[in-house]
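Single-structure report; data block below.
The values are calculated or read from the model by the stated rules, or taken from the named source; none is laboratory data. Here the structure is a predicted model, which means the values were calculated and not measured. Neighbour counts run over all protein chains shown; Cβ positions are idealised from the backbone, glycine included. Calculation scope for accessible area: heavy atoms of the full protein, side chains included, ligands and nucleic acids excluded. Shrake-Rupley method; radii C 1.70, N 1.55, O 1.52, S 1.80 Å.
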Amino acid sequence: MERERLPEPPANFGAGVALPVATAGKRLDVFALENRAAAEEANRRLAGDAAFYGDVRRDFGAR
């Protein structure tokens, strides 16, 4: 009996997001926007990872 294989995860599964770097002369509002964008991207990736994992659990009958 051959076992089903797990699907390949998305290319960015578990990948981190680069954090903005505070440098001398960088405006605080620009730095804050960069941080917000990085946090939003990280949350999108986590949601995608959770959806993939949920699909795998569902497809393989996990409880």
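Details
- Take the chain with all the other protein chains still there, run a 1.4 Å probe, and you get 87 Å² of accessible area per residue.
- Overall, the accessible surface of the chain at a probe of 1.4 angstrom is composed of carbon and sulfur to the extent of 57 percent.
- Adding -39500 (n - 2.57) for every DSSP H run of four residues or longer, then dividing by how many residues the chain holds, sets the calculated 222 nm ellipticity at -18500 deg cm²/dmol.
- Dipole magnitude of the chain about its Cα centre (Cβ charges: Lys, Arg +1; Asp, Glu -1), debye to nearest 20: 160
- Against the rule of thumb 2.2 N^0.38 Å, how large the Cα Rg of the chain comes out: 1.69
- Label point at ARG36 placed 7 Å out along Cα→Cβ; residues across region 5-21 whose backbone nitrogen lies under 20 Å: 17-21
- The 3J(HN,Hα) values that the Karplus relation (6.51, -1.76, 1.60; θ = phi - 60°) gives for region 27-44 are, in residue order, 5, 4, 5, 5, 4, 5, 5, 5, 5, 4, 4, 5, 5, 5, 5, 4, 5, 4 Hz. Gly and Pro appear as x.
- Full extension of the chain between ARG58 and ASP29 yields a length gain of 6.1 nm, computed as 0.36 nm times the residue separation minus the alpha carbon distance.
- Contact order relative to length of the chain, as percent, for alpha carbon pairs under 8 angstrom and 6 or more apart: 42
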